[in-house]
Structure formats: C-alpha cells, structure tokens
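Please read the structure below before turning to the comments.
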Amino acid sequence: MKIGNVEIKGYAALAPMAGVTDRAMREICVRYGAAFCVGELTSAKAVVLGDDKSKALLKSVGGKIWAPQLFGSDPDIIAAAAQKALEYGPSFIDINMGCPAPKVAGNGAGSALMRDIPRACKIIRAVSNAVDVPVTVKFRTGWDKDHITAVELAVAAEASGAAAVTVHGRTREQMYAPPVDIKTIAAVKKAVKIPVIANGDIISGAAAKEMYENTGCDFVSVGRAARGNPFIFGEINAYLSGKAYTAPTLKERLNVCKEQIEKMCEYKDPYIAVLEARKHLSWYITGLSGAAELRRQACSVKTNADIDAIIQKALELNPDM
Ligand SMILES: Cc1cc2nc3c(=O)[nH]c(=O)nc-3n(C[C@H](O)[C@H](O)[C@H](O)COP(=O)(O)O)c2cc1C
C-alpha cells in the first residue's frame, strides 16, 4: 500500500489510542511488526498555542513510518498545527473525525465532522495545502445508525486531497460495542481510489484476514488488542504471509513489558510514567494464573521495583508459559 508517496510494507498498523499508544508503546509495536503507527489524539489549538504537553505528543518514533493525529474544527488552526507538526518529521498527518468524546465532538471536532461534511472538506483541503506530506483521515461509519455517512465522507475526503482514510466500523453512538459494520467499510472501499484502512475488533491473524477478505480493504489497524500485546503484529504478519508463528514465552513477553516501561520512564517524567505504567502492566498480565490479584497489585505500584516484583510473581505463578 502507498499513502501518497509513502510505501507501506506489512499487514497491520497500530491504531491511535489517546492515553495508551505513547511513544514507548509505538516503538515497541513497530519493533514487533506494526507497519506504521498513528500518535495519540492531539488538540490542534493546543499545538498552535505552544502547549508543551501537546507538542510532546507530536514526537516521532525513531525513523519509522508514523503520523501524529490532530483534532479541531477550525481549518486554519488545524493547518497551522499540521505545519508545526512537520518539525518532528512525520511521514504523514492524520486528522481525527471519529472521536466520540463530548469535549471533542461537542466543539464541532472529531465525530461531529461526520455530520458536517462541508467543514470536514475545508479542514482536509486546508491541511493538504499547508503541508508537503500526505494527509489521512480517520472516522467511524457515521454518527448513529440513522446517519451512516462514511461513504459520503470518504468520497468528499478524497476529493479534498486525503491520501488515505481509516474507517472504524462503528458509529459514534456505538462507542466500542459490537458489531463492526463490515458492509459500510466495504462500501467505502468500492467508492474511493485512495487506500482504505479498516479498523475494529481485529484481535488475531484470522480476524485480520477476515477483514481483508470481507471488505477488500487495503490495510488494517489494530487498537485494543495491541494493549499489553505488541506481538499481535508478528502474529498477523505471519498468518497473512503464510509463515509459521511462534508465540513468545511469558518471560519474553514480560521482558518486553519491562522494556516498554523503561522507555516510558525515559520519555516522560519517571513518576508519571510509573503511574501510567500500571495499566500497561495490567494488560501484559491479563489472562495469567493469579492475574486478578496481580492486577489488583499492579493498580498501586509506585516504583520500578514494585513493577519488577509483580513481574517476578507472575513468572513464579505461571512456570509453564
Ligand atoms: C482508550 C482508547 C483511546 C482511543 N483514542 C483514539 C484516538 O486518540 N484517536 C483515534 O482516532 N481513535 C482512538 N481510539 C479508537 C481506536 O483507534 C480504534 O478505532 C478503536 O479502538 C477500534 O479498534 P479496535 O477494535 O482494534 O480497538 C481510541 C480507542 C481506545 C480504546
């Protein structure tokens, strides 16, 4: 697949998840086979105002293919933020038109743009004119089941200069509830020439293959299933290329968990990083023997030594994994 002039190899990308897919997780996922990744939702207005926290979200993943993701409702402000984002050398720029959060959609941004296609087009056009990298757009199937606008928005996005679209196969109203609307993703694919990246409930190699086959999509992206499991990308790559896949042992998985948390401590304030690491540690140990108690303990870790102790205990309780 090519996003504009950016050649993408592989089978699956890491989807953006605010508060989850930080730089450490993106680096780890790319290392374990994600073809590219999209950063956390970032307010265009905050970037333009020079907010340090928002600027930190725009930092790249050492030389890999990646895009920051911007949200906003004002075409000029998103265009200005996109120009600032170029300082960090992104491969392309993604615009969010699917976020259901009231503080985003309530201000005319995110999923609200699925109901205001003329404004969505002005934003895409303004950003495309402002930057010399490809511009992509991520949205859902529509606002609710009575307003499925993904095809109309995708066609309009293509005409306004988008180089690819990602469709999360749910409405804003659905949030994350099943089912994923495969038919609408397939209809989007039929309606545009630019690549279509399909997203929603891809939790395995088999699920990725089904998404490709049932929608005709050009690529897929994985969100929640990558939490605590960057290895899913290796599994998908092996499954789709017909190669054998050997899952990592628990020790290998938990070593990667430790490394991810070390990277978090390197890239952020180490105290905040450990607090944020609680959820990542919980995801890595999900499903293990003794997981309920280990997860309870993970919720109160305060130091790297606390994290190491939980990892050690997880290994002792699961000697055969
Ligand atoms: C905690 C969380 C945060 C998310 N943040 C973003 C975001 O910042 N930008 C975005 O476009 N989508 C965001 N999403 C949606 C995901 O990118 C993805 O579309 C959704 O989770 C469906 O894919 P999945 O079933 O593979 O998880 C978020 C999802 C979750 C669960």
Next item on the list: Please work out how much accessible surface residue 148 shows to a 1.4 Å probe, ignoring ligands, DNA and RNA, in Å² rounded to 10.
Entry: 70
Item checked: Those trypsin sites (Lys or Arg not before Pro) in region 166-252 that DSSP places in a loop and that have at most 11 other beta carbons within 10 Å -> 193, 243
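Rounded, prolate or oblate: which one fits region 250-317, using the alpha carbon gyration tensor with axes a ≥ b ≥ c (rounded when a/c is under 1.5, else prolate when a/b beats b/c, else oblate)?
It comes out prolate by the Cα gyration axes.
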Note to self: Given 4 °C and 1.567 mPa s, compute D for region 154-311 with the Stokes-Einstein relation, Rh being the Kirkwood radius over Cα pairs; round to the nearest whole µm²/s.
What the structure shows: 73
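Taking the Cα centre of region 21-174 as the origin, how large is its charge dipole in debye, to the nearest 20, when only Lys and Arg (+1) and Asp and Glu (-1) carry charge on their Cβ atoms?
Working: 19 positive and 16 negative charges, 52 e Å.
Once rounded to the nearest 20, the dipole reads 260 debye.
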Next item on the list: Would you grab the residues whose amide H sits under 5 Å from the one on residue 38? Only those 5+ places off in sequence or on another chain, please, with H modelled 1.01 Å from N.
Entry: 14, 67
Check: Once both axes come from the Cα atoms, what is the angle between helix 232-241 and the longest principal axis of the chain, in degrees from 0 to 90, rounded to 10?
Finding: 70
Check: What is the Å³ per residue value for the convex hull set by the Cα atoms of the chain?
Finding: 124
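So what's the back-of-envelope 222 nm ellipticity for the chain, counting only DSSP H runs of four-plus at -39500 (n - 2.57) apiece and dividing by all residues, rounded to 500?
Working: 14 runs with 145 residues, N = 321.
Roughly -13500 deg cm²/dmol at 222 nm, from the helical runs in the chain.
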Check: Peptides 263-269, 10-16: what's the order by average Cβ count within 10 Å, highest mean first?
Finding: 10-16, 263-269
Next item on the list: Can you send over the solvent-accessible area of residue 23, 1.4 Å probe, protein chains only, in Å² to the nearest 10?
Entry: 80
Margin query: Taking 2.2 N^0.38 Å as the expected size of a compact globular protein, what ratio does the Cα radius of gyration of region 1-139 give against it, to two decimals?
Written below: 0.97
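Lys and Arg at +1, Asp and Glu at -1: add these up for the other residues within a Cβ distance under 9 Å of residue 108 and post the number. Walk me through the numbers on the way to the answer.
Numbers: positive: 119; negative: 74, 116.
With Lys, Arg at +1 and Asp, Glu at -1, the neighbours total -1.
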Check: residue 184: accessible area at probe 1.4 Å, nearest 10 Å²?
Finding: 20
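Would you work out the charge dipole size for region 91-193 about its Cα centre, treating the Cβ of every Lys and Arg as +1 and the Cβ of every Asp and Glu as -1, and quote it to the nearest 20 debye? Don't skip to the end; give the middle numbers.
Values: 14 positive and 9 negative charges, 16 e Å.
Its charge dipole is roughly 80 debye.
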Note to self: For 151, 47, 180, give me the order by solvent-accessible area with a 1.4 Å probe, most accessible first, ignoring ligands, DNA and RNA.
What the structure shows: 151, 180, 47
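How much length would be gained if the chain were fully extended between residue 246 and residue 176, taking 0.36 nm per residue of separation minus their Cα-Cα distance, in nm to one decimal? Spell out each step's value before the answer.
Numbers: separation 70, 0.36 × 70 = 25.20 nm, distance 3.02 nm.
Answer, rounded to one decimal: 22.2 nm.
The values are calculated or read from the model by the stated rules, or taken from the named source; none is laboratory data. Just so you know, these numbers come straight off a predicted model, no measurement behind them. So basically every Cβ, Gly included, is an ideal-geometry build from the backbone, and we count neighbours across all protein chains shown. We work out accessible area using only protein heavy atoms, side chains counted, and drop any ligands, DNA or RNA first. Shrake-Rupley method; radii C 1.70, N 1.55, O 1.52, S 1.80 Å.
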